[in-house]
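This report refers to the structure that appears directly beneath it.
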């Protein structure tokens, strides 16, 4: 059985219950076809061209200076399925940086399986692993500056897969890593710190989500 939604004699949408497919009918003149709960236009059509309006594909947080022993971003919606944590020119002493994920119940500090490898310089190659969070590698020292991105994907249920790409800017080093963690809840916050509890003294962090 099929259904049709009409207003003023004009077809706006159709639904086929046999295939359970709903289709929005687009006209040949300018018509707003979808609005959000506040009445804002979010999808319009003009001359066969569909446009998104007042709609964010990627949401961007507020850039935050890397300082103190940790930086935490809260307010990530539980509906986010992809989260990016971006770091720029971060300096953190002779230790690796640690990213921990959290839910509405708090930051998860164990149960991670993550390994990062790095290479560069005089063909130096090594790796670092962590069960406490997603971790960078090739620590360096106080004059070490790193930039890169942690990409976090909600693959199923409360399991999140993380990948890392980045590099040391003052030396010919690059690093990449991957791993996963079961948070026991939906991701709503992230915390950046250092593996030995040291302080950040340069750079910026930000988060983005889809």
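The values are calculated or read from the model by the stated rules, or taken from the named source; none is laboratory data. Values in this document were obtained by computation on a predicted structure and should not be read as measured data. Virtual Cβ from ideal backbone geometry, glycine too; neighbours counted across all protein chains shown.
What the table below lists for this structure:
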quantity	calculated
Criterion: in the same structural domain as residue 186 (by TED's automatic domain parsing) and buried (at least 23 other Cβ atoms within 10 Å of the Cβ) - qualifying residue of 136, 149, 144, 103	136
The stretch 174-193, residues that are more than 22 Å from residue 80 (Cβ to Cβ) and surrounded by fewer than 20 Cβ atoms within 10 Å (Cβ to Cβ)	174, 176
Residues located in the stretch 154-169, provided they are over 18 Å from residue 110 (Cα atoms), in a strand (DSSP E or B) and touching a strand residue (DSSP E or B) at 6+ places or on another chain (Cβ under 8 Å)	155, 164, 165, 166, 167, 168
Some residue of the stretch 170-186 being touching a residue at least 24 places away in the same chain (Cβ under 8 Å), over 17 Å from residue 134 (Cα atoms), in a strand (DSSP E or B) and in contact with a strand residue (DSSP E or B) (Cβ under 7 Å, 6 or more places away or on another chain)	yes
Single residue of the stretch 95-108 satisfying the filter (under 19 Å from the mean Cα position of the chain (by Cα) and assigned to a loop (DSSP other than H, G, I, E, B)) that is farthest from residue 160 (Cα to Cα)	104
Residue within the stretch 120-128 that is under 18 Å from residue 82 (Cα atoms), surrounded by fewer than 16 Cβ atoms within 10 Å (Cβ to Cβ) and without any contact (Cβ under 8 Å) to a residue 24 or more places away in the chain present	no
Test set (1) without any contact (Cβ under 8 Å) to a residue 24 or more places away in the chain; (2) under 14 Å from residue 99 (Cα atoms) - residue 160 fails condition number	(1)
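Residue-wise test of (1) under 19 Å from residue 201 (Cα atoms); (2) part of a strand (DSSP E or B).
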| position | (1), (2) |
| --- | --- |
| 72 | yes, yes |
| 79 | no, no |
| 86 | yes, yes |
| 90 | yes, yes |
| 93 | yes, no |
| 111 | no, no |
| 126 | no, yes |
| 132 | no, no |
